[in-house]
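Participant: One structure, as structure tokens, below. Some questions next.
The values are calculated or read from the model by the stated rules, or taken from the named source; none is laboratory data. In this text the structure is predicted, and so the values were computed from the model without any measurement. Virtual Cβ from ideal backbone geometry, glycine too; neighbours counted across all protein chains shown.
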Amino acid sequence: MITDRFALQGWQSDRLNLLFLLGLGLLILGAGLGLRDPWPADEPRFALVAKQMVESGQWLFPFRGGEIYPDKPPMFMWGIALGYFITGSLRVAFLLPSLLAGLGCIALVYDIARRIWDRATAFRAGLFLLFAVQFTVQAKQAQIDALVTFFITLGGYGFLRFLLCGGGWRWYYLGWFAAGLGIITKGVGIIAALVLIPALWTHREQIKQASKAQWLKGLAGPLFMLLACALWVIPMVLVVQQHPLPEFLAYRDNILFRQTVTRYANAWHHIKPFWFYLVNVIPSFWLPWSLLLPWMVWQTKRDVKLGQRPVILLVGYLLLILLFFSASAGKRGVYITPATPVLALLVAYWLPELLTRRWPARLLAGLGWLLSGLFLCAGLVLLLKPALIAKLGEMDSPVLLALSLGATGLVANWLLRRQPLSAILATLTILWLHYGFWAYPLMNHLRTPQQIMQQAGQRLAPQDELLLTNFREQFLLFADRPVYHFAYLQDDEPQPTDAAAWVQAASHRWVLGPGDKLSPCFAADKGIALGQRHGDDWFLFRADAVLPACQSAQSSGAGIFYYAPKLLVGE
């Protein structure tokens, strides 16, 4: 078991330190790789797009089913598709980009901390980033935020090498280029350049004394950002000009304008108040380091007075990231993931001094005991009251999982009771390993519609046609036959009528959808119940299940798309 001394200092070798961090990162972030399928809400969408890229050979424009996906550039989906092409397993491939991005962030944070401060601080920075809850969660999910965090971290790394390590202009240009890669990943890559704003203060004397040539070199930086953006934007725009199909034109305009400037300045969903991150996200998702924030404020005031350049740059950068995302009305907790590497650097610098204080050490130790105790209590309650398990749906009994988590956590905290830092890191290690190796297989069948799609396939003859209503990417992901579907943004209201018109228009047609949402036009007692997923009871209907009121209904004219999978998902 690691000791606090080791957690604070590591080995006296950069290579051993980095190998240890990457090995531990691979263990924690990779735990459960291949043991689950993509889970809603976002993972099935990106996995489906990537799967279709490999199936169709269309890599420039992302499609979900028969419809173009207009909300995001394809960078993240390219990563999944490449992994799928290489491994042949979507279960492995869909998590690979986030896993590799997480390991890359750890390596970058280690190296920049080593150059700014020392080897021990670098080891702590990599270790603390790995155990920041929000960072770990995102690196274990197939969402774009882990990859954009890597590019933003790479950009910050380049700028800090230039500002603090005398690395030369090539690092400054790397910062801008990485910001551009972040922009074509998720639009917000520009925040990597926010670190240059506090640099206007910390480096004011150098700026005043800069020559004309240096000014020109500095102003040339954004050109490298535009160069990175052009790697995808120019080919996409040229193809749209050569093939000006309505869906391609809409994709170009949506991705270049509506999903960037408009989405930030005039958000239309995930509307939250300005203080959302401070109150709803940071206290829980930045654990365990959010426990130290009151003392970090005091440390900041002291180091700013002392003129500590790295602290001023990093604290200013962290606050500007939070301000950037807080200023937009549209907010999600995952958006501030790029701030976690900056947080880890600051905690790594201050923690040895903070642990000499009574309450920081007590809070870290107390969190380990609390988490372990809660899991043990949950396991005992489920053991004593089995009826509660039924409320968890079709999940296999989680009693042993909860008891194991609680018991092993309490043992670890007892053995490390005099080493609070190591105790909380050991507790989190136990948690993530249980989650990946035990909870993934336990929960997987509840988080995917694979059984429903298999049952539907068993009911349908080879010549039958199937229409999916109330679009869900995860249903298309598990389709082993051609499927018709409505548009992703199609309103629910006209779908029963349109589905009734479609199923009556030809023989050998079936409709798959949630019973309650199709009830205006379909009789549930004449349908085939396939089970419940994602809060809905799913049914198969034929034309004989259409209610009299809809038997002569006219279609609204909404588009119906066609998707024919070529490869099967899973193992």
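Participant: Taking the stretch 417-469 as the region of interest, how many residues are buried (at least 22 other Cβ atoms within 10 Å of the Cβ), assigned to a helix (DSSP H, G or I) and among the polar types (S, T, N, Q)?
Facilitator: 2
Participant: Same structure again: For the stretch 521-551, which residues satisfy the criterion of being in contact (Cβ under 8 Å) with a residue 60 or more places away in the chain, hydrophobic (A, V, I, L, M, F, W, C) and buried (at least 19 other Cβ atoms within 10 Å of the Cβ)?
Facilitator: Of everything in the stretch 521-551, those that are in contact (Cβ under 8 Å) with a residue 60 or more places away in the chain, hydrophobic (A, V, I, L, M, F, W, C) and buried (at least 19 other Cβ atoms within 10 Å of the Cβ) turn out to be 530, 538, 540.
Condition check ((1) in contact with a helix residue (DSSP H, G or I) (Cβ under 7 Å, 6 or more places away or on another chain); (2) more than 30 Å from residue 445 (Cβ to Cβ); (3) not polar (S, T, N, Q)) across all residues:
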| site | (1), (2), (3) |
| --- | --- |
| 336 | yes, yes, yes |
| 352 | yes, yes, yes |
| 387 | no, no, yes |
| 402 | yes, no, yes |
| 418 | no, yes, yes |
| 421 | yes, yes, yes |
| 425 | yes, yes, yes |
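Participant: If you check residue 301 against the conditions, is it of a type in the set (D, E, K, R) and over 27 Å from the mean Cα position of the chain (by Cα)?
Facilitator: Considered against the rule, which asks whether it is of a type in the set (D, E, K, R) and over 27 Å from the mean Cα position of the chain (by Cα), residue 301 comes out as yes.
Participant: Those residues that are under 18 Å from the mean Cα position of the chain (by Cα) and without any contact (Cβ under 8 Å) to a residue 60 or more places away in the chain, I need them from the stretch 148-182; list them, please.
Facilitator: So the first thing to find is which residues in the stretch 148-182 are under 18 Å from the mean Cα position of the chain (by Cα), and the list is 148-154, 181-182.
Listed by number, the residues that qualify are 150, 151, 154, 182.
Participant: Looking only at residues that are acidic (Asp, Glu) and within 23 Å of residue 132 (Cβ to Cβ) in the stretch 22-58, which one is modelled with the highest pLDDT?
Facilitator: Among those residues, the one meeting the criterion is 43.
Participant: Now a separate question. For the subset of the stretch 181-210 comprising residues that are surrounded by fewer than 18 Cβ atoms within 10 Å (Cβ to Cβ) and not hydrophobic (A, V, I, L, M, F, W, C), which member is nearest to residue 72 (Cα to Cα)?
Facilitator: For the stretch 181-210, the residue satisfying everything is 203.
Participant: Say we look at the stretch 508-520 and pick out the residues that are touching an Asp or Glu at 6+ places or on another chain (Cβ under 9 Å) and not acidic (Asp, Glu); which of these is surrounded by the fewest Cβ atoms within 10 Å (Cβ to Cβ)?
Facilitator: Out of the qualifying residues, it is 508.
Participant: Okay, next question. Only one of (1) farther than 22 Å from residue 90 by Cβ; (2) in contact (Cβ under 8 Å) with a residue 12 or more places away in the chain; (3) not polar (S, T, N, Q) fails for residue 491. Which number is that?
Facilitator: Of (1) farther than 22 Å from residue 90 by Cβ; (2) in contact (Cβ under 8 Å) with a residue 12 or more places away in the chain; (3) not polar (S, T, N, Q), only one is false for residue 491: (2).
Each row is one residue, and each column tells you yes or no for (1) within 28 Å of residue 413 (Cβ to Cβ); (2) assigned to a helix (DSSP H, G or I); (3) under 29 Å from the mean Cα position of the chain (by Cα).
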residue: 326; (1), (2), (3): no, yes, yes
residue: 347; (1), (2), (3): yes, yes, yes
residue: 368; (1), (2), (3): yes, yes, yes
residue: 382; (1), (2), (3): yes, yes, no
residue: 401; (1), (2), (3): yes, yes, yes
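Participant: Does at least one position in the stretch 47-64 carry a residue that is of a type in the set (Gly, Ala, Ser), assigned to a helix (DSSP H, G or I) and crowded, with 24+ Cβ neighbours inside 10 Å?
Facilitator: yes
Participant: Is it the case that the stretch 424-443 has a residue that's modelled with pLDDT under 95 and polar (S, T, N, Q)?
Facilitator: no
Participant: Take residue 143 and decide whether it is over 31 Å from the mean Cα position of the chain (by Cα) and farther than 23 Å from residue 311 by Cα. Lay out the reasoning, then the answer.
Facilitator: Numbers: over 31 Å from the mean Cα position of the chain (by Cα): no; farther than 23 Å from residue 311 by Cα: yes.
No.
Participant: List, please: which pairs have Cβ atoms under 6 Å, are six or more places apart or on different chains, and start with a residue in the stretch 29-43 that is without any contact (Cβ under 8 Å) to a residue 24 or more places away in the chain and end with one that is surrounded by fewer than 18 Cβ atoms within 10 Å (Cβ to Cβ)?
Facilitator: Short answer, once both residue conditions are applied: none.
Participant: Of everything in the stretch 297-319, what is aliphatic (A, V, I, L, M), touching a residue at least 12 places away in the same chain (Cβ under 8 Å) and surrounded by fewer than 19 Cβ atoms within 10 Å (Cβ to Cβ)? Give them in sequence order.
Facilitator: Selection gives 312 alone.
Participant: Do the conditions hold for residue 113, that is, is it surrounded by 24 or more Cβ atoms within 10 Å (Cβ to Cβ), of a type in the set (Gly, Ala, Ser) and farther than 30 Å from residue 163 by Cα?
Facilitator: The answer is no for residue 113.
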